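Below is one structure, written out as C-alpha cells, with a few remarks after it.
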Amino acid sequence: MNELFEKSGAVGITLADNKIRCIRDCEAKGECLSVFYNVDLKECVMHNKQFDSPSFPVPSGSGAAWRYYLTEDGTCPPENNYYRPLQFCYSVHEITSINFNDTHALCAARGGKLAAVTSQEMQDYFTNFLADRPHVRICIAGNEQPDGSWKLEDGTAMSYFNWYPGQPESATQRCIVIKATSLGDMWMDRNCITSFLYSCSFVCEY
C-alpha cells in the first residue's frame with residue numbers, strides 16, 4: 001500500500017511533522033481508522049476505512065513519498081472491515097435466495113454472528129457502506145416472537161426499528177430485511193426462508 005494514496009472520501013487532511021503525529025491525529029479523531037502520510041510534504045490524509053481490505057478499491061493516487069498506516073487496535077482481523085465509532089468489525093456477503101438459517105450458519109462458521117441494526121447510527125452506517133450493494137435487500141438479525149415483540153438470536157429484546165410504513169405486515173413473516181425504497185433504506189418483515197430467488201446482502205459481525 002506504500003507509494004499509493006487516496007484523498008477522496010477522507011475524513012480529515014492535516015499537516016503533521018512526522019508519521020507518529022499523523023497517527024495520533026487520526027486516533028484523536030473518533031472515526032479515523034487509517035492514514036496516508038507524505039514524508040516529504042508532511043501531509044496526513046485520514047480515512048474511516050481500511051484500504052488493504054478487499055471491500056475497498058485500490059487508492060487512485062501514487063507517489064514515492066506516500067506511506068500507509070492502520071491505527072486499528074488489532075481486535076478486528078485485517079480481512080474484515082472495521083468502523084471505529086461503533087467498534088464494529090464486519091464482513092459483507094451475498095445469498096441468492098433468502099434463507100436466514102444459512103446466513104446465521106455462515107456467520108457462525110466464520111466466528112461471528114448475523115449483524116443487527118440496533119441504533120440510528122448503525123442504520124445510517126449500513127445505508128452508507130452498503131449504498132452500492134448488488135441487491136436491493138439486506139438481511140439483518142431479528143425474529144418476531146409469538147407475542148408480536150422482536151428479539152435477537154441471544155434473546156435480547158429489540159428497541160430500535162426503522163419500519164417502512166405499514167410494516168411489519170404479517171405474523172408469519174418473522175425475519176427482517178432492509179430494502180431500498182423511495183423513502184430510503186427501510187425495514188420490512190419477510191419469511192425467514194423463501195422459495196423465490198429473493199437475493200440479499202448480509203453482514204457478519206465479529
Task: Rough spin-label spacing in nm, given labels placed 7 Å along Cα→Cβ, for D40 and S195 - done: 6.6
Task: Cα-based Rg / Dmax (Å) for the chain - done: 19.5, 64
Open item on the list: What distance in nm separates the two pseudo spin-label positions at A28 and E79, each 7 Å out from Cα along the beta-carbon direction?
Closed with: 3.7
Task: Entries in K7/K151; K42/K113; K113/K179; K49/K113 that, when Cα-Cα distance is taken, lie over 31 Å - done: K7/K151; K42/K113
TODO: Go ahead and set up a Gaussian network model of the chain, Cα springs under 10 Å, then flag whichever of R137, R21, R174 fluctuates most.
DONE: R21
Open item on the list: Need the list of aspartates and glutamates near K19 for cross-linking: C-alpha distance under 13 angstrom, and skip anything on the same chain fewer than eight residues off.
Closed with: E27, D40, E43
Task: Extended-chain gain in nm, criterion 0.36 nm per residue less alpha-carbon gap, Q87 and T181 - done: 31.0 nm
Task: Fluctuation leader among A28, A116, A108 - the chain, Gaussian network, Cα springs under 10 angstrom - done: A28
Task: Efficiency of FRET between A10 and L106 - r from beta-carbon atoms, R0 45 angstrom, step 0.05 - done: 0.85
- [ ] Name the residue, out of V136, V92, V58, whose mean-square fluctuation peaks in a Gaussian network model built on the chain with Cα pairs under 10 Å.
- [x] V58
- [ ] Enter the accessible area of E121 (Å², nearest 10), with the probe set to 1.4 Å and all protein chains included.
- [x] 90
Task: Per residue Cα convex hull volume in Å³ - calculated over segment 1-56 - done: 75
TODO: Give the relative contact order (percent, whole number) for segment 1-147; include only Cα pairs under 8 Å separated by 6+ residues.
DONE: 20
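The values are calculated or read from the model by the stated rules, or taken from the named source; none is laboratory data. Quick caveat, the model's predicted, so the values are computed rather than measured. Methodologically, a virtual Cβ is constructed for each residue, glycine included, from the backbone with ideal geometry; neighbour enumeration extends over all protein chains shown. Side chains included, ligands, DNA and RNA excluded: accessible areas come from the protein's heavy atoms. Shrake-Rupley method; radii C 1.70, N 1.55, O 1.52, S 1.80 Å.
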